[in-house]
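This report refers to the structure that appears directly beneath it.
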Amino acid sequence: TPKPSSAASDVYKRQELDNEGLEYMRTELSENVPASMEGYEISFTGGHVLTSVTVNEIQSTQISSTLVSIVLAALMLVIIYRNIAMATLATLPTILATVWIMATMAALGITLNVLTVMVTALTIGLGIDYAIHVVERFREESEHKSERQAIETTIERTGSALLISGLTTVSGFAVLFLSPMPLVRNFGIITAATIVYSLIIAIFVLPSLIWTVNRIKEWYSSQILS
């Protein structure tokens, strides 16, 4: 089996096992195939090669699988709530958190690998979980309180509970920051960021979305009546 050149090995080490470094290694291996081997079917194997192939396959289907997950979650909420507006409110934070975490990864230069590729699944799970808590509490409070009071109570009580729960979870993943392995350290960074983003959206953004949706409903009702 051809071995990568010393230059490829240096780049590969410098890339710290991310997918870019693995792709560079595979390219170098392909270029180092002797000309005498033409006409033969050659395949490269090994742990790093398999990792690169796996990540490429996951990346190629990540967007579609993420969209399918969000749509299925939204349909489930529609069935449970029997209200499209409420289901949409619980789903929007997930979409926003996913955009934020992908932007963060791009800004920090963190590429997708066998660990970080799970970030969208974590974001969907955490984002919808926190959003459901907020939406459910608002629904309960709005039955016997004004809209303003219901939102304030939701933020004060459910928001504080989510904050405490989220911070303890962030503390657990923060331990991964100390890992000497870049893959594990990056996973800890983006997981902690995912939790923080989900908390911010659930506690501060979602109540604003609820208020905005109610204003749109009122405007729409007034337009129909007029």
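The values are calculated or read from the model by the stated rules, or taken from the named source; none is laboratory data. The shown structure was predicted, so the numbers you read here are calculated from the model rather than taken from an experiment. Quick reminder, even Gly has a Cβ in these numbers, built from the backbone with ideal geometry, and neighbours come from all protein chains shown. Side chains are part of the model used for accessible areas, which takes the heavy atoms of the whole protein and leaves out ligands, DNA and RNA. Shrake-Rupley method; radii C 1.70, N 1.55, O 1.52, S 1.80 Å.
General remarks:
- Pairwise FRET efficiency - Ala121 versus His144, Cβ, R0 = 45 Å, nearest 0.05: 0.75
- Length gained when the stretch Val99-Ala161 is fully extended (0.36 nm per residue, less Cα-Cα span): 19.8 nm
- Surface analysis of the stretch 101-226 yields an accessible area of 53 Å² per residue, using protein heavy atoms and a 1.4 Å probe.
- Evaluating 6.51 cos²θ - 1.76 cosθ + 1.60 at θ = phi - 60° for every residue in the stretch 168-174, the Karplus couplings come out as 5, 5, 4, 4, x, 6, 5 Hz, glycine and proline recorded as x.
- Once the Cα-Cα distance is subtracted from the 0.36 nm per residue extended length, the Ala107 to Ile216 segment shows a gain of 35.7 nm.
- Simple spin-label estimate for Met76 and Ala174 gives 3.0 nm between the two label positions (7 Å along the Cα-to-Cβ direction from each Cα).
- Three-way shape call for the stretch 159-216 based on the alpha-carbon gyration tensor, with the a/c threshold at 1.5: oblate
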